[in-house]
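Here is the structure we will look at, set down as C-alpha cells.
The values are calculated or read from the model by the stated rules, or taken from the named source; none is laboratory data. Because the structure is a prediction, the values reported are computed rather than measured. Cβ: placed from backbone, ideal geometry, glycine included. Neighbour counts: every protein chain shown.
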Amino acid sequence: MVPMTRRRFLKSSAMAAGVTILPSGLLHGQSANEKLNIACIGVGGRGAAHVIASLSQNLVALCDIDDNHLNGALTAINAECEKRGIPAPTPRKFADYREMFDQMGREIDAVVVSTPDHHHAPAAMRAIKLGKHVYCEKPLTHNIREARLLAQAAKEAGVATQMGNQGRADEGWRRLCEWIWAGAIGQVQEVHVWTDRPGIPARFWWPQGGGRPEGTDPIPAHLHWDLFLGPAPERPYCAVYKEGKFQGQNVYHPFVWRGWWDFGTGALGDIGCHAMSGMFTALKIEHASAVELVKDSGDGTDEMFPRSAVIRWDIPARGDLAPLKIFWYDGAAYPPREIGELPEGRNYPDGGMILVGDRGKLWDGPSWISGERMKDWQEPEKTLPRCESDHFSEWIAACKGGRPAFSNFVDHAGPLTELVLLGNLALKAGIGNRVEWDGPNLRVTNRPELNQWVGRRYRAGWSV
C-alpha cells in the first residue's frame, strides 16, 4: 500500500488551504442552482432522516435489503411532501445497490450510504468510481484499509464527500480547537473519552459479548438475507435469541448487527467518529504509534465484541505538540474519578470527553473543570470557518461547487476512521498486548498475525 499524502483541511491558521481546493461540484459541471439527483442506500434507522433531507433535491432511487424499510420510506416521503404542500417524488426501489448503479448510474449525481458498517465501503466505492458525490454514515468503513482506499479514491475522483458525524457542523469542536490552540490548558497529555454503548444498566443498546446462536429461522419475505450479508461470509439467518442472556433480543437485523465482527464495528465504531472528531483536529493527530487493550469484560468472542472495554492509543509528538495518550471507555467503564475531579455523589454522564493538559483540564465542548488560568481567561478569537447550514446541507453545497465539507473523506473522515478502528485491533490482540502501528503503511510491526484484520476478505461480487 502506497502511503497517502494528506492535505490537512484543518490547520491552526485561518484554514486557507481548505478553501483553495477546487470544488468538486465544478469538476462535474454542477450549477449551484441545479438540483442533484440523489439515491439513498439504506433507508431505515438513520437512513430515514437522510431520505427526508434529500427531498430538497431530486430523490430518484431508494435501496434497502428490507422491503419494510423501503415501504416505510415511501410513506414518510408522501407524508412529508403533503405537509410541505409539494409533489411527492416517485423514486425507483431496489434491494441491491449493484443493480441500482447498473440500471441508473447515468441518472444519479450523488449517493447517501446509511447501511450497516460492512456495506459502507462497497457501496461508497462503487459510487465514487462512477464519479458520484457521496455522503456516508459513520464510521466511514468497516476496517482500516477501506478508510484509506475510500479517501484515496475520493481524492482521485474529485467528488464531494461527507461522513455522517453530524457534530462536525456544530460550534463545539471549533471552540475546542480555538481554545487548545490558544494554549488554554497548555500541552495536552491525555484525552479520556467514554460512551454508554453498547449498554449500561440504565440503557441497553445492542448485544455484545456472546456467540452465534445455533439453528436457523425462516427468512422473512420482506428481508433479502443474502444481500444483507453482502461482503461478509455466509451464515444462517436467526431472528431472535431463544435462550441465554440475550433471550428475546434480535440477533442480526434490524440494528443489532453492530455487535458482530462480520457486520459492525462495536461501540467504538458507533461513537468514536463522533466523540473523537474534535480532539483529532484540535490536537493535529495523524497516526497513532501504538494501541493497547487495557481491560475488557472478558466475554468477547471471534463472533462478537466484548460487552465493555478500555483501550489506549499512544500518539507521538507532532511538531511542537507533545506526545499524548488517548483512553477509550465503553459499556459502563469510565475514567478514574480523579480525572473528572468528581465531587461526592456525582457520577460521570453517559458519554463525554476530558482533555488533560499540563496547565489544566477541559471537559467536552469545551468547559472548564480545573485550572487557575480560568480567572484571567479570555475567549479566543474565532478563526475557523463555521458551518452556515447543517451537516447534510453542507455536503449538498460542496456537491454544487461550495467549499469541501468539514468531514470530507480525504481531509478528516478517512484519517479519523483509521485512528478509531485501530482500537479494534487492540481488541483482537487481547489485554496487555501492545500493538505497534506503522500508520503511513497500515501495518502492525510487532504482531504480524494482526495484519489480517487491517482489511478483510470479501465474498465474490462485493469487493472494494
What is the number of the single condition among (1) among the hydroxyl-bearing types (Ser, Thr, Tyr); (2) out of contact with any Ser or Thr (no Cβ under 9 Å at 6 or more places or on another chain); (3) surrounded by 17 or more Cβ atoms within 10 Å (Cβ to Cβ) that residue 237 does not meet? (2)
Does at least one position in the stretch 128-141 carry a residue that is assigned to a loop (DSSP other than H, G, I, E, B) and surrounded by fewer than 24 Cβ atoms within 10 Å (Cβ to Cβ)? yes
From the options 134, 191, 159, 111, residue that is hydrophobic (A, V, I, L, M, F, W, C), modelled with pLDDT of 95 or more, in contact with a helix residue (DSSP H, G or I) (Cβ under 8 Å, 6 or more places away or on another chain) and assigned by TED's automatic domain parsing to the domain that holds residue 272: 191
When residue 183 is run through (1) in a loop (DSSP other than H, G, I, E, B); (2) crowded, with 16+ Cβ neighbours inside 10 Å, the failure sits at (2)
In the stretch 322-345, is there at least one residue being free of Cβ contacts under 8 Å to residues at least 24 places away in the same chain and small (Gly, Ala, Ser)? yes
Within the stretch 404-424, is even one residue farther than 26 Å from residue 142 by Cβ and either touching a residue at least 24 places away in the same chain (Cβ under 8 Å) or not acidic (Asp, Glu) (or both)? no
Can we say residue 349 is over 21 Å from the mean Cα position of the chain (by Cα) and without any contact (Cβ under 8 Å) to a residue 24 or more places away in the chain? yes
Residues that are among the hydrophobic types (A, V, I, L, M, F, W, C) and either modelled with pLDDT under 95 or more than 21 Å from the chain's Cα centre (by Cα) (or both), drawn from the stretch 438-461: 444, 450, 460
Evaluate the stretch 141-148: report whether one residue or more is more than 14 Å from the chain's Cα centre (by Cα) and touching a residue at least 24 places away in the same chain (Cβ under 8 Å). yes
Return a yes/no flag: does the stretch 394-412 have any residue that is at pLDDT 95 or above, closer than 21 Å to residue 292 by Cβ and of a type in the set (Val, Ile, Thr). no
Tell me yes or no: at least one residue of the stretch 249-265 is over 30 Å from residue 95 (Cβ atoms) and either part of a loop (DSSP other than H, G, I, E, B) or not assigned by TED's automatic domain parsing to the domain that holds residue 146 (or both). no
Subset of the stretch 429-452 [farther than 12 Å from residue 291 by Cβ and surrounded by 17 or more Cβ atoms within 10 Å (Cβ to Cβ)]: 442
Can you pull out every residue in the stretch 337-354 that is out of contact with any helix residue (DSSP H, G or I) (no Cβ under 9 Å at 6 or more places or on another chain), assigned to a loop (DSSP other than H, G, I, E, B) and not charged (D, E, K, R)? 342, 343, 345, 349
Six or more apart or on different chains, Cβ atoms under 6 Å: show the pairs whose first residue is in the stretch 83-111 and under 19 Å from residue 134 (Cβ atoms) and whose second is assigned to a helix (DSSP H, G or I). 94/100; 96/227; 97/123; 101/126; 110/399; 111/127
Within the stretch 293-308, how many residues are surrounded by 21 or more Cβ atoms within 10 Å (Cβ to Cβ) and either touching a Cys at 6+ places or on another chain (Cβ under 6 Å) or not in a loop (DSSP other than H, G, I, E, B) (or both)? 3
Give me the residue from the stretch 188-237 that is in a loop (DSSP other than H, G, I, E, B) and of a type in the set (D, E, K, R) and, out of that set, nearest to residue 364 (Cα to Cα). 196
Scan (1) within 15 Å of residue 417 (Cα to Cα); (2) in contact with a Leu (Cβ under 9 Å, 6 or more places away or on another chain) for the single condition residue 92 breaks and write down its number. (1)
Hey, could you check the stretch 153-166 for residues that are part of a helix (DSSP H, G or I) and touching a Phe, Trp or Tyr at 6+ places or on another chain (Cβ under 9 Å) and say which is surrounded by the fewest Cβ atoms within 10 Å (Cβ to Cβ)? 166
If I go through the stretch 26-61 residue by residue, how many of them are within 15 Å of residue 395 (Cα to Cα), part of a loop (DSSP other than H, G, I, E, B) and at pLDDT 95 or above? 3
Name every residue in the stretch 309-327 that is farther than 15 Å from residue 355 by Cα and crowded, with 23+ Cβ neighbours inside 10 Å, in order of residue number. 309, 311
For the structure I just gave you, tell me whether residue 174 is assigned to a loop (DSSP other than H, G, I, E, B) and surrounded by 17 or more Cβ atoms within 10 Å (Cβ to Cβ). no
